[in-house]
Amino acid sequence: MDKILILDFGSQYTQLIARRVRELGVYCEIRPFRLPLVDIKAFHPKGIILSGSPASVYQPDAPLCRREVIEQGVPVLGICYGMGVLGHFYGAVTTRAASREYGRASLTIDDTADLFSGLGSGLTVWMSHGDKLEAMPDAFRRLAHTANAPFAAIRHRTQPFFAVQFHPEVAHTDSGKAILGNFLFRVCGCARDWQMHSFAEMAIDRIRRQVGNGRVLCALSGGVDSSVAALLVHQAIGPKLTCVFVDNGLIRKGEAVQVDQAMGEHLGLHLISVDARERFLTRLKGIIDPEEKRKIIGAEFIAVFEEESRRLGRFEFLAQGTLYPDVIESVSVQGPSVTIKSHHNVGGLPEQYDFELIEPLRELFKDEVRELGRELGLPDVILWRQPFPGPGLAVRIIGEVTQARLDLLREADAIVEAEVAQATLNRELWQAFAVLLPIKTVGVMGDERTYEHVIAIRAVTSLDGMTADWARLPHDLLQAISSRIVSEVKGVNRVVYDISSKPPSTIEWE
Ligand code: XMP
């Protein structure tokens, strides 16, 4: 398979570059800009893309790769800061632009060979930079310009080294994908050979070789990521895989049974279900602070999982459904981002474990994981399950988590899920769920005064969970959800709809 290497200098768009390259049918991986030359050579890239960065090349501590990385004989494309990196080695002058450029710009194409082949004479492109190339190195010539950027695209006169100041990877750049496609196919000579089917075969083969005669343990949450990871490992090594599902009592209605049926009975995985409901509830008694809830649930999960793995004997490997975005965050050149919430995943086990990790989804995005799951025969109930936080319903109960409040929320949530599914909106929405508020309000039911709980409905659209908008649900649907909750869930007399986007709010309430 032809492969492209993306060296990450910390741009918020690096993942988008990877997306576009894969959409074009070429396999790629993102690696930190410091990746040693031997590792780069071992990867055998057909081309290298240098990402953007919040840094400036003229800063004393600017992130830079070595010149040998550029000059190892494969084509290179520098994007935004990547242009500065490329220029840096050939005597270019990059300075702080008098006026920073963000948003749309009109690009005039001066040379329609290679990168801009088939794209006419002008394009609207998306700029996001504070620096600009002031003087072009002698070894390079200009391919395109804008009013503010005299060298918006350049190429080396004799080597296949290209750079663009704008961002071809963002959707706002006209023909951005065609520009990347020209780099991949015309310049690098890549074949369009990245398909989920070949990825599955490759991953299964890799797992077999890694595991040998060992045993693998997998913490199954019932979510799509851990389920696909487990299924892939299962197809590679069969009964040598043991999955553990911890029912912490904070999961959605019917979830434990669904996981058991889909993964155990239907797909034949060796699945151990642990009933830890009582333990979690006891530990959560009296806790109202969201961060404290998250930390307790994370720690308790690890304790249960550890006990269970000890009981089941020796395992050399641990399979996890770590996704690409999780990996990328950990190689950020700027260090970890600020903690908004302490996320808890079943994969978040501490480092002291003596397991070798198997992370077959490390190179995939969420929608690619779904495609892989479909390829492997994962049933729709799991495949299309909405994202669900590790701490589960506990972070949707504002205030203390008690059995009664859990039961109430679980019922309300099941109604939201059922009605949204009935309206065939579940695949359009990122999430739709119920939240239990810590207040009571007055109502009137059958001539009687009531004083009962309030349920908030949260439904959002999102591409990746990083930003989100509240979903414009049809009024009829909201009406159906509201009347069903009030009439079917005892103790609720009011339903409200959350109309906040993220930012400034978050998707979950805690
Ligand atoms: P927020 O609430 O931060 O959530 O806007 C963004 C997305 O992440 C999910 N979420 C979690 N997922 N472990 C997870 O695996 C967690 O601890 C966690 N907390 C929130 C949330 O449901 C949304 O999809």
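Only a single item in (1) open to solvent by less than 10 Å² (accessible area, probe 1.4 Å); (2) under 16 Å from H167 (Cβ atoms); (3) within 24 Å of the chain's Cα centre (by Cα) is not met by E23, and it is number (1).
Looking across the stretch 143-175, just one residue is surrounded by fewer than 22 Cβ atoms within 10 Å (Cβ to Cβ) and within 16 Å of I4 (Cβ to Cβ), and that is P160.
Quick check: anything in the stretch 311-318 out of contact with any Lys or Arg (no Cβ under 6 Å at 6 or more places or on another chain), away from the ligand (no atom under 12 Å from the Cβ), farther than 30 Å from P438 by Cα and modelled with pLDDT under 90? No, the stretch 311-318 contains no residue that is out of contact with any Lys or Arg (no Cβ under 6 Å at 6 or more places or on another chain), away from the ligand (no atom under 12 Å from the Cβ), farther than 30 Å from P438 by Cα and modelled with pLDDT under 90. Residues that are touching a strand residue (DSSP E or B) at 6+ places or on another chain (Cβ under 6 Å) and on the phi > 0 side of the Ramachandran plot are absent from the stretch 153-173. Considering only the stretch 438-458, how many residues are over 18 Å from E488 (Cβ atoms) and buried (at least 16 other Cβ atoms within 10 Å of the Cβ)? Residues flagged as over 18 Å from E488 (Cβ atoms) and buried (at least 16 other Cβ atoms within 10 Å of the Cβ) within the stretch 438-458 amount to 1.
Considering every residue within the stretch 427-440, establish whether at least one is among the polar types (S, T, N, Q) and within 16 Å of the ligand (Cβ to nearest atom). It would help to see each step written out before you state the result.
Pass one, the stretch 427-440, residues among the polar types (S, T, N, Q): 431.
Then keep just the ones that are within 16 Å of the ligand (Cβ to nearest atom); that gives 431.
Yes: one or more hits.
In this structure, is A149 in contact with a Ser or Thr (Cβ under 9 Å, 6 or more places away or on another chain) and in the same structural domain as P54 (by TED's automatic domain parsing)? Step through it out loud before you land on a result.
Numbers: in contact with a Ser or Thr (Cβ under 9 Å, 6 or more places away or on another chain): no; in the same structural domain as P54 (by TED's automatic domain parsing): yes.
No.
Scanning the stretch 74-84 for residues that are under 29 Å from the mean Cα position of the chain (by Cα), open to solvent by 10 Å² or more (accessible area, probe 1.4 Å) and of a type in the set (A, V, I, L, M, F, W, C) yields a total of 1. Out of all the residues in the stretch 56-64, is one or more within 26 Å of D367 (Cα to Cα) and open to solvent by less than 60 Å² (accessible area, probe 1.4 Å)? No.
Looking across the stretch 176-196, the residues that are among the aliphatic types (A, V, I, L, M) and either over 27 Å from T94 (Cβ atoms) or open to solvent by 10 Å² or more (accessible area, probe 1.4 Å) (or both) come down to A178, V187, A191, M196. A count restricted to the stretch 353-394 and to residues that are charged (D, E, K, R), part of a loop (DSSP other than H, G, I, E, B) and within 14 Å of the ligand (Cβ to nearest atom) stands at 1.
Being modelled with pLDDT of 90 or more and either open to solvent by 50 Å² or more (accessible area, probe 1.4 Å) or of a type in the set (V, I, T) (or both) is the filter here, so list the residues in the stretch 371-383 that pass it.
Our first condition is that a residue be modelled with pLDDT of 90 or more; within the stretch 371-383, this holds for 371-380, 382-383.
Result: E371, R374, E375, D380, I382.
In the stretch 173-286, counting only helices (runs of 4 or more DSSP H) that sit wholly within it, the ones holding 3 or more residues that are in the same structural domain as D354 (by TED's automatic domain parsing) span 196-211, 224-237, 255-259, 277-284.
Residues being under 24 Å from the mean Cα position of the chain (by Cα) and of a type in the set (G, A, S) are entirely absent from the stretch 231-241. If you check A421 against the conditions, is it open to solvent by less than 70 Å² (accessible area, probe 1.4 Å), within 16 Å of the ligand (Cβ to nearest atom) and of a type outside the set (S, T, Y)? Spelling it out, it is not the case that A421 is open to solvent by less than 70 Å² (accessible area, probe 1.4 Å), within 16 Å of the ligand (Cβ to nearest atom) and of a type outside the set (S, T, Y). For beta carbons closer than 9 Å, sequence separation of 6+ or different chains, a first residue in the stretch 487-507 that is over 21 Å from Y451 (Cα atoms) and a second that is among the basic types (K, R), the qualifying pairs are D498/R458; S500/R458; T506/K341; I507/R458. Considering (1) in the same structural domain as A434 (by TED's automatic domain parsing); (2) under 23 Å from T424 (Cβ atoms), the lone condition that T450 does not fulfil carries the number (2). Counting only residues that are under 26 Å from K293 (Cβ atoms), open to solvent by less than 90 Å² (accessible area, probe 1.4 Å), under 25 Å from the mean Cα position of the chain (by Cα) and not small (G, A, S), how many does the stretch 466-502 have? Total satisfying the criteria: 4.
Can we say A18 is in a helix (DSSP H, G or I) and either touching a residue at least 60 places away in the same chain (Cβ under 8 Å) or touching a Leu at 6+ places or on another chain (Cβ under 6 Å) (or both)? Let's see the steps before the verdict.
Working: in a helix (DSSP H, G or I): yes; either touching a residue at least 60 places away in the same chain (Cβ under 8 Å) or touching a Leu at 6+ places or on another chain (Cβ under 6 Å) (or both): yes.
So A18 passes the test.
Look at (1) open to solvent by less than 10 Å² (accessible area, probe 1.4 Å); (2) closer than 30 Å to L393 by Cα; (3) away from the ligand (no atom under 16 Å from the Cβ) and you find that F199 fails only one, number (2). Here T461 qualifies as of a type in the set (S, T, Y) and within 16 Å of the ligand (Cβ to nearest atom). The residue that is farthest from N148 (Cα to Cα), among those in the stretch 85-109 that are open to solvent by 70 Å² or more (accessible area, probe 1.4 Å) and without any contact (Cβ under 8 Å) to a residue 40 or more places away in the chain, is H88.
The values are calculated or read from the model by the stated rules, or taken from the named source; none is laboratory data. These numbers come from a predicted model, not from an experiment. Counting neighbours? That spans all protein chains shown, and the Cβs are built from the backbone with ideal geometry, glycine included. Ligands, DNA and RNA are excluded from the accessible area calculation, which covers all protein heavy atoms including side chains. Shrake-Rupley method; radii C 1.70, N 1.55, O 1.52, S 1.80 Å.
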